[in-house]
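No value in this document is a laboratory result; all are computed from the given coordinates. Note that the structure is predicted; figures quoted are calculated from it, not measured. Heads up, the Cβs are rebuilt from the backbone with ideal geometry, glycines too, and the neighbour counts pull from every protein chain shown.
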Amino acid sequence: MAEAFKGTREKLGKDLHGLIRDTKELLKSTAENVTDDTADLRKRLEERLDGIVKNMRMKAKAAEDVLKGSLDATDEVIRGHPYPAIGISLGIGVLLGMLFHRRR
């Protein structure tokens, strides 16, 4: 599960970086036709983009920390009580199998 989360996080990061790169290129390409208002707008947009990147990194790190903590706690419980964990998993599997079998 952690690997799937890591892949999703990396794809989101790449998409966000691509968006920011494209936006900065657009800002640079319009730099020749700059008025005072446009220059101010460009500066604010660049600051907001940098803020968004910083915020997204902090949130991604926080989410990763929470997920890692949850996975570690789950691992401890399962390793501490392997047979009940197997029994519960088996019971949930049987219940889900019965539910899906009835729907057909």
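Okay, here's what the table says:
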| item | result |
| --- | --- |
| Estimated FRET transfer efficiency when R0 is 30 angstrom, pair residue 39-residue 17 (beta carbons, to 0.05) | 0.75 |
| Footprinting exposure proxy for 66, 53 (fewest neighbouring C-beta atoms within 10 Å first) | 66, 53 |
| Unit charges on C-beta of K, R, D, E only; dipole of the chain, Debye | 540 debye |
| Phi to ³J(HN,Hα) by Karplus 6.51 cos²θ - 1.76 cosθ + 1.60 over the range 78-94, Hz, x for Gly, Pro | 5, 5, x, 9, x, 5, x, 5, 5, x, 5, 4, 5, x, 5, x, 5 |
| Binned Cα-Cα distance frequencies in the range 2-103 - 5 Å width, integer % | 2, 10, 12, 12, 10, 10, 10, 8, 7, 5, 5, 4, 4, 2, 0 |
| Karplus-derived 3J(HN,Hα), 6.51/-1.76/1.60, for each residue of the range 55-61, Hz, glycine and proline x | 5, 5, 5, 5, 5, 5, 5 |
| Listed residue (52, 41, 82) projecting farthest to the positive dipole end of the chain, Cβ model | 82 |
